[in-house]
Each structure stands twice: as structure tokens, then as C-alpha cells.
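Participant: Can you read through this structure? Questions will come right after.
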Amino acid sequence: STELNLIRAFTREVNVVVRIAQLYDVCSLNSVTFSNNCPTKFPMCSGDSGLTFGSEWYRKYRVAPHLPSLFYVQDYVVPEQEAALLREVRASKSKWVQLSGRRLQNLGGVVHSKGLIPAPLPSWLEPLLTRLAGEGGEGGLYGGKPPNHVLVNSYLPGEGIMPHEDGPAYHPVVAILSLGAPAVLRFRKKPRSAEAVATEGGSDSCLAGSLDEANRQALEIESNQPHDGQHLQQNQQQSRVQSQPLPAPQLPPSKPLPQSQGGREDGQTQPAVSGRCESYSAAVAEAGLAAWEPEVTGRPTEHVSGRDSGGCRYIASLLLQPRSLVVFRDEAFTHCLHSIDEVSEEWLDESVANLDMYGILPGTMLPRGSERISLTVRRVARVMPSILRR
Ligand SMILES: O=C(O)CCC(=O)C(=O)O
Ligand SMILES: [Fe+2]
């Protein structure tokens, strides 16, 4: 019976260990490790990573199997709420800043390298911000604290936002509400720095790094078009808020800098991509991101299905319909760049992960139609003490 007791005690211990491992989900211990790298014996790893991350909300709205920290909520607001929000944005006394590819209102204060220099958020945003803070299951979307910063972006057809990351000033979660017209948000792997390429070896360009047949086609088709670095430089030169174009190639700054030091008006980090897109397979493996394999069929010749203008594959894209909410966090926030093409029609290629929801077939062209307004809602992790407020 002593042996039996020992066996029982041992079994209890093992159960406790297994339970703890399940609760804490080994995959979540390192946000860079994803479900596909997880030992299969932990069921929470298959498609989930993390305690909160495994909540019902995230399970319900996860949309792209290749990018498990990307979430999409169709019809997050009803048409009346959309109309009311659009009225408020248009009536707002806040100053619009004209950038090269969009107009921008910055609400909640100025994002500085040392944190947020806070300013009051307009009262019309309160119900939306309260609702957003409560999404995502226990603890809410922003780590138990309310969002404190909102960008209002306005895009006319033909306008967009170049590949960028939102940067380390923010708690790594963003929720974007789309109003008025659709657009496609595209995710690609963050480029490796020139330094990393030199010291770790490998290819310094996506084009050279994945010279499969499809990529050769991409090169041929797009050889006359500027790739991202050139786009970035052109945009920077055109931008009224950017005092000087940044030389390319250039490392993404480790933190957003004040404008005078080359930072952006919107507090975000904009790497000069300059075609320095990391070898696709290496990028995907390093970030634990699964491959999205394009089907090279029936596409118009000016587009290469699921690739950016440098020939790099997108990890995922999302059709952002009016009234929808997109949320991305963790690796989608820190390991990827996101962008909206400067087009008046969106080519819905196979990388667009949510076409099914709308009964749209890949290969469809979707006119952007009219002005799109987006509300980018985030929390700046550090808020400057009031004594330093201007
Ligand atoms: O308009 C969007 O959907 C994207 C906006 C964005 O990426 C940003 O404000 O940082
Ligand atoms: Fe962004």
C-alpha cells in the first residue's frame, strides 16, 4: 500500500506539472515561438499561444492561419455608428496633417521617444475606446489598461501607407476600425538589417533569396517599377513633415525619434526597405511564421499574386471592409511590416485571408471607391509625468 501511495503521489505531481504547462502554454513563454513550433502534446499550442491569447475572443476572430496574431471582426460597428463616427471625424477641430499618401489627425498627445506627452482624447471617442479596451477576453485588449492614443488616417483612392511597424513605444497591440471605404492591409516580414546580413550571412534581398520560378516572373514583370526603397524615398521627399529623406539602406530606429531626429509625425517607425527584404524562407523560419504559398493562376500581368513590389511574398493580407475591426499583436506587431498599397483598385490575391467571409473569389479587383477613414487605437506604454507636459 506504501507503493500504491507513492505511485498516487507521483501521478498527482505529474498531473500538476502537466496542468501548469497547459495553463501557461509553453508557446506563450516566448512571443516569438508560435504554434507550429510547439510540441504537439500540448493541445493549446495547436492554433493558440498564450493564456489571454487562447481566449475565446482570439479563437473566434483569428483569421489568417499563417499569422496567428492577426484578428478580424466583420461589422464591428453598425452603419449608424459608422455614420456618427465619420461625422465626428469630419467636424473635428483637430488639425489634419497632410502626408504624401494620406491625411492624419493625431489624438491623445504626442508620441515621443520617452513616452506619450498626453493630451485629452475627444469625448466622442470614449464609447469606442471603452468597448475596445474590453475586447480580447480576460484582461482586455491592452493589458488591462485603456488605450490612450488614436490616429485618424484618411486615404483617398490611390493613397496608402508604406510598409512600417508601429514601433516599441506602444504596447504591442493595435486595433484599427475602418470606416467609409475598403482597403487591403498587407503584412510582410520585417527586413533584416544590413548589419545582420553582413554578420549572419544569407541573402540581403528577398529577390535574390528566393529565386524560384515565380520570383523570376516577379522580377521580369516588375522590373520597370520602383521597389519599396525607392517608394519610401520618394514618399519621404514628398512628405511635408519629413524634413530630409533618410538614406537607404537604413536600420529601423530602435525607438521613435522626435521629428527633428528623423522620426515620424505619427510616432511610427518606418524602415527604408530598399529591396532588402529578407530571404523568404529564412524570414519565415526565424519568426516562426508559416509560409503562404501563392497560387500563380489567372492574375493580371501587372500584379504578381501575393507579392510586394520587391517580389517578397506577403505573410498575409486582409480586406478591411468598412465598419470592420482588425487587431494585430505580438509577432504580427513586432516581426512584420504592414502597409496599404497606393492604388485605386485593390487586387484581391490569394494572400488575402478573409475573402471567404465576403464570398469574394481570389483574383477579383475591388475599387477603393471613396475616402477611407481609419481609427488606429493603441496604448503608449509610457506616459510622461504631468510635470513634463507642455
Ligand atoms: O489605416 C490603416 O488601416 C492602417 C493604419 C496604420 O497602420 C497606422 O496608423 O499605423
Ligand atoms: Fe501602422
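The values are calculated or read from the model by the stated rules, or taken from the named source; none is laboratory data. In this text, all values refer to a predicted model and were calculated from it rather than measured experimentally. Cβ placement follows ideal geometry from the backbone for every residue including glycine, while neighbour counts extend to all protein chains displayed.
Participant: Check G167, G134 and return the single one that is within 27 Å of S55 (Cβ to Cβ), surrounded by 22 or more Cβ atoms within 10 Å (Cβ to Cβ) and either free of Cβ contacts under 8 Å to residues at least 60 places away in the same chain or within 16 Å of ligand 2 (Cβ to nearest atom) (or both).
Facilitator: Sole residue among the options that is within 27 Å of S55 (Cβ to Cβ), surrounded by 22 or more Cβ atoms within 10 Å (Cβ to Cβ) and either free of Cβ contacts under 8 Å to residues at least 60 places away in the same chain or within 16 Å of ligand 2 (Cβ to nearest atom) (or both): G167.
Participant: Within segment 157-167, how many residues turn out to be more than 9 Å from ligand 1 (Cβ to nearest atom) and more than 13 Å from the chain's Cα centre (by Cα)?
Facilitator: The total comes to 3.
Participant: Among what's in segment 137-156 and is within 14 Å of ligand 1 (Cβ to nearest atom) and assigned to a loop (DSSP other than H, G, I, E, B), pick the residue that is surrounded by the fewest Cβ atoms within 10 Å (Cβ to Cβ).
Facilitator: My answer is L156.
Participant: Further question on the same structure: Please go through segment 89-131 and give me each residue that is without any contact (Cβ under 8 Å) to a residue 12 or more places away in the chain and either among the polar types (S, T, N, Q) or under 19 Å from Y76 (Cβ atoms) (or both), ordered by number.
Facilitator: S123, E126, P127, R131
Participant: Tally up the residues in segment 333-385 that are within 16 Å of ligand 2 (Cβ to nearest atom) and either free of Cβ contacts under 8 Å to residues at least 40 places away in the same chain or charged (D, E, K, R) (or both), please.
Facilitator: So the count comes out to 5.
Participant: Can I ask one more? When you scan segment 79-89, do you find a residue that is farther than 21 Å from R379 by Cα and outside any helix (DSSP H, G or I), even just one?
Facilitator: no
Participant: Residues to consider are S351, S374; find the one that is closer than 20 Å to L177 by Cα and either among the polar types (S, T, N, Q) or assigned by TED's automatic domain parsing to the domain that holds E159 (or both).
Facilitator: Just a single option satisfies the conditions, and that option is S374.
Participant: A follow-up question, please. When you look at E56, is it surrounded by fewer than 18 Cβ atoms within 10 Å (Cβ to Cβ) and outside the structural domain of K189 (by TED's automatic domain parsing), yes or no?
Facilitator: Yes.
Participant: Next question. Within segment 103-125, work out how many residues are crowded, with 20+ Cβ neighbours inside 10 Å and part of a loop (DSSP other than H, G, I, E, B).
Facilitator: Of the residues in that region, 1 qualify.
Participant: Next question, about the same structure. When you check P182 against the structure, is it away from ligand 2 (no atom under 13 Å from the Cβ) and in the same structural domain as V326 (by TED's automatic domain parsing), yes or no?
Facilitator: Spelling it out, P182 is indeed away from ligand 2 (no atom under 13 Å from the Cβ) and in the same structural domain as V326 (by TED's automatic domain parsing).
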